[in-house]
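First comes the structure, then the notes that go with it.
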Amino acid sequence: MVDVLADSVGDPERFVHPIFQLRPGEDSGSDTLGLYRYQAEVAAQACLAMLTENLIDYVVCEWHEDFVIAFTDGKVELVSVKHSSRTQWTLADLCKDGGIAHLFDRWSACGRADNVRLRLTTNAPLRPCPMW
């Protein structure tokens, strides 16, 4: 057993538990957390807007989509957030993997109501369409 505190008295740089000096066998959790962190940052923007705007009534995370913004006028916006390490999205990628089809399905499930808006947010650039 190592007494980290006793060993580091007088030397704040040595106040590190030995477990943090060992490299983990795998670390996929931090990659996954990075994906959700981006989603949380996008949702936080809507939450912060509630402090300065009277348009947003509330934000609900992980309901139908990554989050839903409910507006004071009765409208809602279903938001899908796609973090991507891709260099670019193609239109086909956006429809299949990027969530556009899923957003459309959620809107259809809402009876295609005209007070339901859809938004896809991504951190990856779009690939330009080829000239016809």
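Restricting attention to segment 77-104 and to residues that are of a type in the set (D, E, K, R) and touching a residue at least 24 places away in the same chain (Cβ under 8 Å), the residue that is most open to solvent (accessible area, probe 1.4 Å) turns out to be R86. Looking across segment 47-65 at every residue that is open to solvent by 50 Å² or more (accessible area, probe 1.4 Å) and charged (D, E, K, R), the one that is nearest to R119 (Cα to Cα) is identified as E62. Looking only at segment 77-104, filter to residues that are part of a helix (DSSP H, G or I) and at pLDDT 90 or above; which one of those is farthest from the chain's Cα centre (by Cα)? Here the residue is F104.
None of Y58, Y38 is in a helix (DSSP H, G or I) and either in contact with a Cys (Cβ under 6 Å, 6 or more places away or on another chain) or of a type in the set (F, W, Y) (or both) except Y38. Every listed requirement among (1) modelled with pLDDT of 75 or more; (2) open to solvent by 70 Å² or more (accessible area, probe 1.4 Å) is met by S108 save one, (2). The single condition among (1) surrounded by 12 or more Cβ atoms within 10 Å (Cβ to Cβ); (2) over 10 Å from the mean Cα position of the chain (by Cα); (3) closer than 17 Å to L118 by Cα that G74 does not satisfy is (1).
Taking the numbered list (1) at pLDDT 90 or above; (2) outside any loop (DSSP other than H, G, I, E, B); (3) open to solvent by 70 Å² or more (accessible area, probe 1.4 Å) in turn, A44 passes all entries but (3).
So is P24 at pLDDT below 85, open to solvent by less than 70 Å² (accessible area, probe 1.4 Å), farther than 25 Å from P125 by Cα and of a type outside the set (V, I, T) or not? For P24, the condition - at pLDDT below 85, open to solvent by less than 70 Å² (accessible area, probe 1.4 Å), farther than 25 Å from P125 by Cα and of a type outside the set (V, I, T) - is not met. The residues in segment 16-32 that are assigned to a helix (DSSP H, G or I) and over 21 Å from W63 (Cβ atoms) can be counted, and the count is 8.
The values are calculated or read from the model by the stated rules, or taken from the named source; none is laboratory data. Worth saying up front: this structure is predicted, and the values here are computed from it rather than measured. Quick reminder, even Gly has a Cβ in these numbers, built from the backbone with ideal geometry, and neighbours come from all protein chains shown. What goes into the accessible areas is simple: the full protein's heavy atoms, side chains included, and nothing from ligands, DNA or RNA. Shrake-Rupley method; radii C 1.70, N 1.55, O 1.52, S 1.80 Å.
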